[in-house]
Amino acid sequence: MKRRKRDDDIERELRDHLDLEAEEQREGGLSPDDARNAAHRAFGNVALTLEDSRAVWRCAWLSSLMQDIRFGLRGFRKSPGFTLTVIGTLALGLGTLGASFSVFNALVLRPFAVRDPYSLYRFEGWEPGRPRSYTRREFQDFRRENPAFSEVVAYLRLQASMAGKGAHVQAVTSNYFSMLGGRVCMGRPLMESDEGPSANGVAVASYAARRSRLGADPAAVGTMVRLRGQPVEIVGVACPGFNGVDESRDDFWVSLPLIPTMSDGTPIPQKTASGDKSEDKRRVYYRMIGRLKPGLTEDGAKAALLAYGRQTYVPGPGYQVPEGVKLREAATIMPLDRDTIRVFLPEFAAFALVLLIACANVSNMMLARGLARQREIGIRISLGAGRARMVRQLLTESLLLALPAALAASGVAWGAVQAARWLQVNVLSASPLVLSRDWKGAMDWRVAAFLTAAAVISTVAFGLLPALQAARPRLIETNRGEFAADRRSARLRSALVLAQVAVCALLLIASGVAMRAERRIANLDLGMDTRGVFGVLGSNTANTTERIRALPMTESIGYCSQSPLAVQPSIFAGPAGKFSMAVNRVSPEYFDILRIPIRGRNFTPAEGDANAPVAIVSESAARRLWPHQEALGQTVRLGNLSAGVVIGIARDSVSTLWPDNGAALSRDLVYFPLGPKSDYATIAIVRTTGDPDAARRPLERLMAETHPNAAGELVWTPQLGVDLFLYPYRALAAIAGILGVLALLLTVSGVFGVSSYAVAQRRKEFGVRIALGADSLRLTGMVVGQNFRLGVAGAAAGALAALAVARMLSHADWLWRAMGGVSMRNVNVFDVGGYAAGAAIVIAAAAAAAWVPARRAVRVDPVETLRCD
Amino acid sequence: MQDRTPDRTELLQGTLDMLILRTLLLGPAHGHQIGKHIRQTTNDVLQVEHGSLYPALQRLERKKWIYAKWETAKDRNREFKYYRLTAAGRKRLMAEESNWKRLVQAIACVMWPAPEEE
C-alpha cells in the first residue's frame, strides 16, 4: 500500500513539474501546445525518470526480476508449443548427460555412508609385489604397531550360498562397526569377544538382507542361518543407510574367525603353508582399510608405512624389501583422481555432445522466436526500456525454461538409469560387477545440483546469443514493421545447424563402428559349441561323477584341468627360443562334449588314466610348431613339464577369452590326456540334453547335496564366460547406439525447424519463382538440395572429427582396459563400414528433414504472397 | 534515445546531490523551484535535465537527508511536494562542501600553479 502511494506521489510530482514548466514557457510567449512540448523536451524521458525515481525505493533488480518473470510466464502461456518443445529438448539432452553423471556420482563422488569417509585409505600392500597375505599374528602386529593408521579394519569378501541363493558375505574384524561408525538398529554389532577362538559364528545382517533374506522378521535377532552350511547366529541388523565400504552390496557381516572353516571347500586351490593348518600359520588374504592418524597426509602415511615395512619384513624367499606402498582413498568406490577422470572423460564427452545438439536446437528456436518478437522488443525500447533490460528479460526467460527443464531432466535421467539396469539384466547379460551395487539411490543432491547447473549454463549460453541478436535496437525498422531476418542471425543459424549435423555424424559414426565391432565379435567363431554344457567344480570327490552320470539329462561327462575358453598360455623354452602355448589336460570325452572334431585319433580312456605320453594339438598350434610339416607323429615337448607324440589334430578353438595385456585371441592349444582320478581333474564338464536352464537345476541340487559347505557356485556354464566377454562390447554398442539415435532425432528436428523457417522467410521468393514458371520438382530439388549439401558438409566435418578421435583412441590402451576388458584389437576404430554408414544416415536424414518444408514451398500461392505487402 | 553512459550520470549524481542540498539550505522548495534555482544561480551554465532531478530527490529522501511534505503553495491554490533539509542533510552538506573545496583547490594547483620562487 505504501509503495502504491509513493509511486502515485512521484507521478503527481512529475506532472506538477511539467505543468509549472509549461506555464512558465507560456508566460515566455509560447502557444499552449508548444509550451507543453518544450516542457517535455527539457524534462527528458518521463517514463524513464518515473521508473528511475521509483527504483530508488525498491530493491530495483528484484522488482524488475519479478516483472520479467511475470512477463516471461505470460509469454510462455501464449505459446505452449514452443515452451514445451524447448523444455522437452533440453530435458532429453540434459537427462542423458545426467544419467551418465549419476553413474559417475555413484562410483566416484558419493562417499560410503560411514563416519569420516575421507580419512579412510585402502592399504593395498607393498611394492614391488609382496603378497597381501598375512598370518593372524602378522596382521595383529600390523594393526597394533601401525605408524600411519589410528585404526585398521580387515575384511574378506566371500560368496556364500544361503538356502540355495548366493549371498554377499563380508568377513570382518570385530572393530568394523565401531571404526566405520556403522550403527546397528536391532541387536548388537560384532564385538571383540566374537573373535575369540571359542566364539560361535555370529553375523550382522544388512537392513536390506533382513527384508529379503530373513523375511522382514521382527525377531530377526537370534535367528540361526546357514552360510556355506555353517550355522551362524544373527546377532544384529544394521541400520538402513549402512552398507560397508566395498563396491559390492553386503548382505551379512561375519566375524573373521569364521574364515578357516568357511574357506574349506573353496574351489580356488589355496596354497597353505606346507600343509600346516594350525590357525596361526595359515596365511589369509585380507583387504585392509585404515583410518589415517589425525594430521597425517597421504604422502606422510606412505612414508611412515614404508619405513615400518622395511623394518618389519626381512627379505626372504619370495619377498623383496618393500620399495613403495600402495595406498588408495577409500571414501568412494573409485577415488577421484587423474586416472578416474581420464577414464570417465571420453564417455562424458560423448553424452555432452548429445546435449550440445539439443542446445543448438534450443538456440535456433530462441533465435526464431526472438525475431518474431522484434516488434514487441522494438516497442519496449521506444518506450524507454534499456537494452540491458531487454537482454535481462530474455535471459530471465531462458532461466525460466531452464528450471523446469532441469526438473524434467532428472526424471529422464532416473528413467534412463532404470532402463539401463533393465537392459543390463535382460538384454546384455550383465556384468556382475556393475550390477552388484544398488543403483536405486543413484539420484541424489549432487545429481540434482549438476542438472540445475547444466540447465542454467546451457540455457544461458544458448539463450544469450539469440537474446543479444534480438535486443539490438533497430528502432526505425521495427517500428516501420520491417522484420527481415538480418544476415547475421541467418549466418548464426546455419553455423549452429552445421555444427549440429557434424556432431550427429560423429556420434553416428561412433555408434556404427561400435555396433559393427559388436556384431563381428558376437559372430566370432569360438571353435566349440558351449550350449548345454556345464562346468562342475569338485565333482571328483566321492561318487559325484557317478551321480551326475545317472542324472536323466546328462548326455556325457568329461574332465579337464582348465575350463574351456579360460586356458592361459604359459611360456616354454623350445629349440627356437621361448614361445607361449596354452596347455590343457583333458579326458577323451572333452572333444566330443564341446563338438571339437579331431583329425587322427582321440585319446583312449586307458591313456588318460595312465598319463600316457601322447598329445593332441590344435591346427594353429600344429602350424606354429611344425610349419610346412605333418604334425601327426611329431613329439611335442613343453619344457620339462610334459612331452607326447602327437596323435591327433583338433580343430581350432579359442584358448582364452581374456589373454593377458589385451593380446589378440589365440587358438594355439596343446592337449594332454587326463583320467577322472587324476589330481588335475578339477573340473568336470557335462553335456546335457534338453533346455539348458532346466538341466541346470538338478545339477545344482545334486552339488548342493554333496558339497554343503561349498563357498560359491559349483555349477557354471562356459557360455557365461562368453557372455561376460561380449558384455563390454554389447554395452559399448548399446550406449553408442542410443546416443546415436538420440543425436539423430534431435538433429532431424533441428534441421527440420531451420529449413521450415528458411522456407517461411523465402515465401515471397518462392511466390515469384512459381509465378515465373518454376515447376514443383525444381523447387523441391532446391530446398532438399540445400539440406543435402548441409548434410554432406556436416558428415564430412563429423568424419574428420571421428578420425581425430579414432587416432587418439587407438593410442589410449589404458582407456580400453578400463572399459571392462574391451580389447582395442577387437574394435577397429577406423572401420570404413562404420564411417560410411554413419555419414550416409546423416546425409539422408538431413535431406529427408527438408521434405515437408519443400512441399510447403511448392504449395506457396504466388498471388497471395505477392499481394502480401 | 538519450545517451546515458554511466560515467556521466555518476559524476552528475554526486554534484547534483550537493547542489540540491545547498539549494534547500535557503528554505523549503519543491522540485521545479530547485531545478530553476540551480539553473538561474549558475547563469544557465549547469543545464540539469529536469528529469534527472527527481531520482536524485528520491535518493536523498531515502537517505533521510531531506524530508518531503505536500503543502499548499503560498501564491496559488495548489499543493506541491516541498522538500526540507534535515539535520543529517545539513551535516552531509558541510562534509560535501569541504570535500568539494579540497577538490577544487587541488585541481587549481594543477591547472594554475603558483609561480616558482627564485
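The values are calculated or read from the model by the stated rules, or taken from the named source; none is laboratory data. Small disclaimer: the values here were computed from a predicted structure and weren't measured. Virtual Cβ from ideal backbone geometry, glycine too; neighbours counted across all protein chains shown.
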Qualifying position, being modelled with pLDDT under 85 and more than 14 Å from every other protein chain (Cβ to nearest Cβ), among A:G441, A:G411, A:G415: A:G441
B:G51, sole failed condition from (1) closer than 29 Å to A:A388 by Cβ; (2) away from chain A (no Cβ under 11 Å); (3) in contact with a helix residue (DSSP H, G or I) (Cβ under 7 Å, 6 or more places away or on another chain); (4) at pLDDT below 85: (2)
Whichever residue in the stretch B:72-97 is of a type in the set (D, E, K, R) and in contact (Cβ under 8 Å) with a residue 40 or more places away in the chain and, among such residues, is nearest to the other protein chains (Cβ to nearest Cβ): B:K81
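Could you tell me whether A:S556 is within 37 Å of the chain's Cα centre (by Cα), surrounded by fewer than 19 Cβ atoms within 10 Å (Cβ to Cβ) and touching a residue at least 12 places away in the same chain (Cβ under 8 Å)?
Values: within 37 Å of the chain's Cα centre (by Cα): no; surrounded by fewer than 19 Cβ atoms within 10 Å (Cβ to Cβ): yes; touching a residue at least 12 places away in the same chain (Cβ under 8 Å): yes.
The answer is no for A:S556.
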Filter result for A:A148 (in contact with a helix residue (DSSP H, G or I) (Cβ under 9 Å, 6 or more places away or on another chain), surrounded by 15 or more Cβ atoms within 10 Å (Cβ to Cβ) and at pLDDT 80 or above): yes
A:S64 assigned to a helix (DSSP H, G or I) and more than 13 Å from chain B (Cβ to nearest Cβ): yes
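This table checks each residue for (1) more than 17 Å from A:A610 (Cα to Cα); (2) assigned to a loop (DSSP other than H, G, I, E, B); (3) at pLDDT below 90.
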{"site": "A:V636", "(1), (2), (3)": "yes, no, yes"}
{"site": "A:G644", "(1), (2), (3)": "no, no, yes"}
{"site": "A:I647", "(1), (2), (3)": "no, no, no"}
{"site": "A:D652", "(1), (2), (3)": "yes, yes, no"}
{"site": "A:W658", "(1), (2), (3)": "yes, yes, yes"}
{"site": "A:F672", "(1), (2), (3)": "no, no, no"}
{"site": "A:P676", "(1), (2), (3)": "no, yes, yes"}
{"site": "A:D679", "(1), (2), (3)": "no, yes, yes"}
From the options A:L73, A:L107, A:L90, A:L94, residue that is under 20 Å from A:L395 (Cβ atoms), in contact (Cβ under 8 Å) with a residue 12 or more places away in the chain, surrounded by fewer than 20 Cβ atoms within 10 Å (Cβ to Cβ) and more than 10 Å from every other protein chain (Cβ to nearest Cβ): A:L73
Any hit, the stretch A:716-725, residues being among the polar types (S, T, N, Q), part of a helix (DSSP H, G or I) and within 30 Å of A:A160 (Cβ to Cβ): yes
Index of the failed condition, B:E61 passing every other in (1) at pLDDT 80 or above; (2) of a type in the set (D, E); (3) closer than 22 Å to B:V104 by Cα: (3)
From A:F139, A:F123, residue being over 30 Å from A:M365 (Cα atoms) and either at pLDDT 90 or above or part of a helix (DSSP H, G or I) (or both): A:F139
Residue list for the stretch A:598-620, filter: touching a Lys or Arg at 6+ places or on another chain (Cβ under 8 Å) and either at pLDDT below 90 or hydrophobic (A, V, I, L, M, F, W, C) (or both): A:I598, A:D609
Candidate set: the stretch A:5-46, residues that are part of a loop (DSSP other than H, G, I, E, B) and within 12 Å of chain B (Cβ to nearest Cβ); chosen: the one surrounded by the fewest Cβ atoms within 10 Å (Cβ to Cβ): A:G44
The stretch A:612-652: number of residues that are among the basic types (K, R) and closer than 15 Å to A:N584 by Cβ: 1
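Could you say which residue among A:Y118, A:Y134 is modelled with pLDDT under 85, among the hydroxyl-bearing types (S, T, Y) and over 30 Å from B:P55 (Cα atoms)?
Exactly one of A:Y118, A:Y134 is modelled with pLDDT under 85, among the hydroxyl-bearing types (S, T, Y) and over 30 Å from B:P55 (Cα atoms), namely A:Y134.
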So A:A307, is it outside any loop (DSSP other than H, G, I, E, B), at pLDDT 60 or above and loosely packed, with under 13 Cβ neighbours inside 10 Å: no
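So, in the stretch A:85-129, of the ones that are of a type in the set (S, T, Y) and within 30 Å of A:R143 (Cβ to Cβ), which residue ends up farthest from the chain's Cα centre (by Cα)?
A:S119
Can you tell me which residue is nearest to the other protein chains (Cβ to nearest Cβ) among those in the stretch B:22-46 that are of a type in the set (A, V, I, L, M, F, W, C) and surrounded by fewer than 16 Cβ atoms within 10 Å (Cβ to Cβ)? Break it down into steps so the answer makes sense when it comes.
Taking the stretch B:22-46 as the starting set, the residues that turn out to be of a type in the set (A, V, I, L, M, F, W, C) are B:24-26, B:29, B:34, B:38, B:45-46.
Subsequent filtering for residues that are surrounded by fewer than 16 Cβ atoms within 10 Å (Cβ to Cβ) retains B:25-26, B:45-46.
Values: B:L25: 21, B:L26: 19, B:V45: 16, B:L46: 14 Å.
The selected residue is B:L46.
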